[in-house]
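One structure is given here, and the rest of the page talks about it.
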Amino acid sequence: MSFSIRYFQTCRDQNRPFVALTATEYTLAKILDQAGVELLLVGDSLAMVALGYPTTLPVSVDEMLHHTRAVVRGVKRAAIITDLPFGSYELSPQQAFATATRFMQAGAQGVKLEGGSPAMTQTVAFVVERGIPVLGHLGLTPQAVHQLGGFRQQAKTPEAAQELENAALRLQAAGAFAIVLEHIPAQVATHITQKLTIPTIGIGAGSHCSGQILVTHDLLGLTEKYPPFVQPVLDLKTVIQSAIEQFCRQVREDIESE
């Protein structure tokens with residue numbers, strides 16, 4: 001079966017958790033899809049893990065489109081959502097719709113926008129009303145890393161938690177099909193998940209969200225430094241490096257033996 005946007009609402013309604021991971025290119029996207037991951041996010045985290053930028057801020061629309069098209073070519077079942085990069089949607093609802101349209105034409109099934117201010121929820125409503133599914137994103141929003149003072153846990157005070165809840169309710173009312181909750185206390189994420197009727201997707205937000213997402217490079221141990229809420233399932237960086245070193249030795253030994 002293919003996983004449509006409606007599938008995630010069904011999972012939430014049936015209290016059945018679903019899995020999301022990031023995808024940046026064809027080969028890994030194909031593997032993730034075949035492994036049964038239901039949602040693939042072409043996240044702007046690729047700015048850091050694939051392109052070597054220090055934050056997500058420098059990545060461009062054209063770069064995100066390039067990676068989206070590669071992921072689309074490798075996927076048969078998973079829903080594909082793409083992040084709208086910094087500066088490509090904040091100016092106006094019209095700008096957001098124009099940018100989102102390009103990603104839909106590239107094969108994505110929806111887009112992700114960060115933030116839940118009244119202005120941003122108006123943008124979400126504008127885009128959704130024109131037929132484009134929107135995934136919200138609250139808590140630690142990487143595009144606002146400088147405003148937030150770094151990659152720190154959010155919603156740690158009652159006041160901040162209440163504002164996050166208010167933002168989530170605004171996004172739901174605007175028509176977002178789900179909301180990513182990143183790096184917030186588990187009890188806050190649980191409370192918001194219970195308050196909403198749409199799915200939540202947790203990343204560093206405890207185990208009681210409707211679904212879970214991680215950056216795939218972090219999960220596989222490919223990054224030099226990963227967030228405190230990530231426990232890699234293996235050290236793939238060491239495995240790959242060891243294999244390459246073995247190949248290098250083999251090549252050099254073959255030449256020396258002649």
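A count restricted to the stretch 6-37 and to residues that are touching a residue at least 40 places away in the same chain (Cβ under 8 Å), open to solvent by less than 60 Å² (accessible area, probe 1.4 Å) and more than 29 Å from Leu222 (Cβ to Cβ) stands at 1. Residues considered: Leu84, Leu113, Leu135. Of these, the only one that is at pLDDT 95 or above, under 22 Å from Thr200 (Cα atoms) and touching a His at 6+ places or on another chain (Cβ under 8 Å) is Leu113. Would you confirm whether any residue within the stretch 214-224 is in a strand (DSSP E or B), in contact (Cβ under 8 Å) with a residue 40 or more places away in the chain and closer than 22 Å to Asn15 by Cβ? The answer is yes, given that some residue of the stretch 214-224 is in a strand (DSSP E or B), in contact (Cβ under 8 Å) with a residue 40 or more places away in the chain and closer than 22 Å to Asn15 by Cβ.
Among the residues of the stretch 172-195, those that are touching a residue at least 24 places away in the same chain (Cβ under 8 Å) and either β-branched (Val, Ile, Thr) or in a loop (DSSP other than H, G, I, E, B) (or both) comprise Gly175, Ala176, Phe177, Ile179, Val180, His183, Ile184, Pro185, Val188, Ile192. Scanning the stretch 68-87 for residues that are open to solvent by 10 Å² or more (accessible area, probe 1.4 Å) and under 20 Å from Pro142 (Cβ atoms) turns up Phe86, Gly87. On inspection, Phe229 qualifies as under 21 Å from the mean Cα position of the chain (by Cα) and either on the phi > 0 side of the Ramachandran plot or open to solvent by 30 Å² or more (accessible area, probe 1.4 Å) (or both).
Look at (1) out of contact with any Asp or Glu (no Cβ under 9 Å at 6 or more places or on another chain); (2) part of a helix (DSSP H, G or I); (3) within 17 Å of Thr223 (Cβ to Cβ) and you find that Ala47 fails only one, number (1).
The values are calculated or read from the model by the stated rules, or taken from the named source; none is laboratory data. For clarity, every value in this text was computed on a predicted model and none was experimentally measured. Quick reminder, even Gly has a Cβ in these numbers, built from the backbone with ideal geometry, and neighbours come from all protein chains shown. Keep in mind that these areas ignore ligands, DNA and RNA; they rest on the heavy atoms of the full protein, side chains included. Shrake-Rupley method; radii C 1.70, N 1.55, O 1.52, S 1.80 Å.
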